[in-house]
Amino acid sequence: MRVALVHDWLTGLRGGERVLHELAGMFPDADLYTLVHVPGSTSDAIERLRVHASPLSRWPGAARHYRKLLPLFPWAIRRFRLEGYDLVLSSSHAVAKSVRRPDGAVHVCYCHTPMRYVWDRADAYLGRGLLRALATPAVFALRRFDVSTSGPDCVTRFVANSNEVAARIRRHYRRDAEVVFPPVDVERFRPTGAAPDDFYLLIGGFVAYKNEGIALEAFRRLGRRLVVAGDGPGRARLEARAPANVEFTGRISDAELAGLAGRCRALVHPQEEDFGIAAVEAQAAGRPVIALGRGGALDTVVPMIDADSNGLPEAPAPTGVHFDQPTPEALAEAVERFEKLEARFDGARIRAWAERFGAPRFRRELTEQIDTALAHRPC
């Protein structure tokens with residue numbers, strides 16, 4: 001069986017690329033198609049595939065400014081010709097799912113989210129002012145394109161990475177999607193067995209929807225120590241106005257991140273994620289999560305109040321606390337509520353919950369979805 005993998009772009013190793021890493025392990029002989037490829041920016045398993053990049057990858061500055069080429073994405077993804085493949089497997093959060101499906105082939109889309117720039121988070125990326133007004137025609141054009149390439153003639157079967165994303169697929173595409181949670185490398189994170197150090201951890205991406213500014217203001221009021229790990233476009237601006245009790249580490253290694261996750265009191269997770277791998281990674285280290293109770297956190301973080309009210313022996317152990325509104329006040333209140341409950345969290349049981357999201361489960365469940373799609377392929 002000839003397999004084509006399709007991924008939006010290869011410019012770093014983030015959540016989507018960690019999913020692609022598993023797909024590369026499942027299909028090591030596949031060809032990989034992408035809009036922009038920065039060689040060496042992902043994992044060895046991905047880089048060993050035969051990578052076919054679109055013409056956008058050769059544009060000057062595309063490696064850093066590829067998002068500015070968004071209006072050209074539909075043209076670029078539709079240029080790929082995938083004749084001769086039996087299975088097309090797309091890993092999509094923008095336009096990868098819009099690739100042309102060859103006659104007789106099955107296309108399974110593992111959807112991280114419908115294109116967030118033009119649907120649910122258009123305001124976060126474009127604002128509500130002049131930029132949004134100027135971008136409105138392009139936004140509507142991209143929405144039309146996105147919907148027109150989401151029907152059964154293009155995508156045989158949708159698989160969503162969370163229940164939130166499955167709901168977005170139903171809302172925007174009028175398609176059903178089975179949920180297969182993404183693979184989390186839980187073996188990279190381990191409980192230390194020791195009492196945590198006196199700091200909270202935030203893993204920043206420093207883009208519009210990550211809400212790091214909310215955490216900075218909450219911890220300014222609380223006076224607690226907050227360590228912010230990671231890098232991104234908005235980091236310098238936030239660091240310049242951070243209070244003295246907030247420390248920025250910049251980009252760190254996976255091993256350093258695992259060490260911080262294992263020693264913190266809790267992970268602060270103030271954003272609405274499609275899934276949110278970082279929240280599961282912290283739980284794999286046995287640490288609770290203080291999460292905005294929206295999006296993927298509803299699947300991954302078991303709040304103390306829900307576990308208590310369930311009362312059933314088979315109920316999962318609580319793994320954190322939720323807060324309802326993305327405001328500094330709500331987050332500060334959640335931190336104080338967590339501290340009152342902190343002694344009741346069990347690191348070993350939190351770790352056991354995180355193990356449910358490991359890579360073996362992902363491979364098994366996604367294989368079942370692919371087999372189901374192939375079984376209904378016309379002769």
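Here the stretch 270-296 is the region considered, the condition is being closer than 22 Å to Arg116 by Cα and more than 12 Å from the chain's Cα centre (by Cα), and the residue that is surrounded by the fewest Cβ atoms within 10 Å (Cβ to Cβ) is Arg294.
Here's the yes/no breakdown for (1) in the same structural domain as Ala138 (by TED's automatic domain parsing); (2) at pLDDT 95 or above; (3) closer than 18 Å to Tyr117 by Cα; (4) not hydrophobic (A, V, I, L, M, F, W, C):
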| position | (1), (2), (3), (4) |
| --- | --- |
| Gly16 | yes, no, yes, yes |
| Glu22 | yes, yes, no, yes |
| Asp31 | yes, yes, no, yes |
| Leu35 | yes, yes, yes, no |
| Ser57 | yes, yes, no, yes |
| Arg78 | yes, yes, no, yes |
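Val95 meets all of the listed conditions (1) modelled with pLDDT of 95 or more; (2) more than 21 Å from the chain's Cα centre (by Cα) but one, namely (2).
Just one of the listed residues (Val246, Val180, Val165) is under 18 Å from Gln271 (Cβ atoms), in contact with a Lys or Arg (Cβ under 9 Å, 6 or more places away or on another chain) and buried (at least 20 other Cβ atoms within 10 Å of the Cβ), namely Val246. The number of residues in the stretch 326-379 that are more than 30 Å from Pro152 (Cβ to Cβ) and basic (Lys, Arg) comes to 6. Taking Ala240 as the residue in question, decide whether it is small (Gly, Ala, Ser) and buried (at least 18 other Cβ atoms within 10 Å of the Cβ). The answer is no for Ala240. Restricting the search to helices (runs of 4 or more DSSP H) fully inside the stretch 1-109 and requiring at least 2 residues that are under 25 Å from Ala373 (Cβ atoms) gives 15-26, 44-47, 73-78. Restricting attention to the stretch 303-328, and to residues there that are hydrophobic (A, V, I, L, M, F, W, C), in contact with a helix residue (DSSP H, G or I) (Cβ under 9 Å, 6 or more places away or on another chain) and at pLDDT below 95, which single residue is farthest from Val179 (Cα to Cα)? The residue in question is Met304. Hey, can you tell me all the residues within the stretch 184-206 that are surrounded by fewer than 19 Cβ atoms within 10 Å (Cβ to Cβ) and either assigned to a helix (DSSP H, G or I) or touching a Phe, Trp or Tyr at 6+ places or on another chain (Cβ under 8 Å) (or both)? Glu187, Arg188 - these are the residues of the stretch 184-206 that are surrounded by fewer than 19 Cβ atoms within 10 Å (Cβ to Cβ) and either assigned to a helix (DSSP H, G or I) or touching a Phe, Trp or Tyr at 6+ places or on another chain (Cβ under 8 Å) (or both).
Spot the failing condition for Ser150; the list is (1) surrounded by fewer than 17 Cβ atoms within 10 Å (Cβ to Cβ); (2) of a type in the set (S, T, N, Q); (3) part of a loop (DSSP other than H, G, I, E, B), and only one is missed. Tallying (1) surrounded by fewer than 17 Cβ atoms within 10 Å (Cβ to Cβ); (2) of a type in the set (S, T, N, Q); (3) part of a loop (DSSP other than H, G, I, E, B), Ser150 fails exactly one: (1).
The set of residues in the stretch 326-355 that are out of contact with any Pro (no Cβ under 6 Å at 6 or more places or on another chain) and not in a helix (DSSP H, G or I) comprises Pro326, Thr327, Asp346. Selection within the stretch 25-70: residues that are of a type in the set (Ser, Thr, Tyr) and touching a helix residue (DSSP H, G or I) at 6+ places or on another chain (Cβ under 6 Å). The member of this set that is nearest to Asp86 (Cα to Cα) is Ser54.
Filtered by the rule that a residue be surrounded by fewer than 18 Cβ atoms within 10 Å (Cβ to Cβ) and in contact (Cβ under 8 Å) with a residue 40 or more places away in the chain, the stretch 345-355 gives Ala348, Glu355. Can you pull out the residues in the stretch 39-52 that are under 20 Å from the mean Cα position of the chain (by Cα) and either buried (at least 20 other Cβ atoms within 10 Å of the Cβ) or under 22 Å from Ser98 (Cα atoms) (or both)? Matches in the stretch 39-52: Thr42, Ile46. Kindly establish whether Asp31 is loosely packed, with under 15 Cβ neighbours inside 10 Å and within 24 Å of the chain's Cα centre (by Cα). No.
Applying a threshold of 6 Å to beta carbon distances and a minimum spacing of six or more residues, or different chains, the list of pairs starting in the stretch 6-26 at a residue that is β-branched (Val, Ile, Thr) and ending at one that is not in a helix (DSSP H, G or I) reads Val6/Tyr33; Val6/Ser90; Val6/Val99; Thr11/Val38; Thr11/Ser41; Val19/Ser91; Val19/Pro182. Tell me yes or no: at least one residue of the stretch 237-244 is small (Gly, Ala, Ser) and in contact with a strand residue (DSSP E or B) (Cβ under 6 Å, 6 or more places away or on another chain). No; the residues of the stretch 237-244 include none that is small (Gly, Ala, Ser) and in contact with a strand residue (DSSP E or B) (Cβ under 6 Å, 6 or more places away or on another chain).
For first residues located in the stretch 277-305 and of a type in the set (Phe, Trp, Tyr), partners that are assigned to a loop (DSSP other than H, G, I, E, B) and lie 6+ apart or on another chain with Cβ distances below 8 Å do not occur.
The values are calculated or read from the model by the stated rules, or taken from the named source; none is laboratory data. No experiment lies behind these values; they were computed from the predicted model shown. FYI the Cβ positions are ideal-geometry reconstructions off the backbone, even for glycines, and counts take in every protein chain you see.
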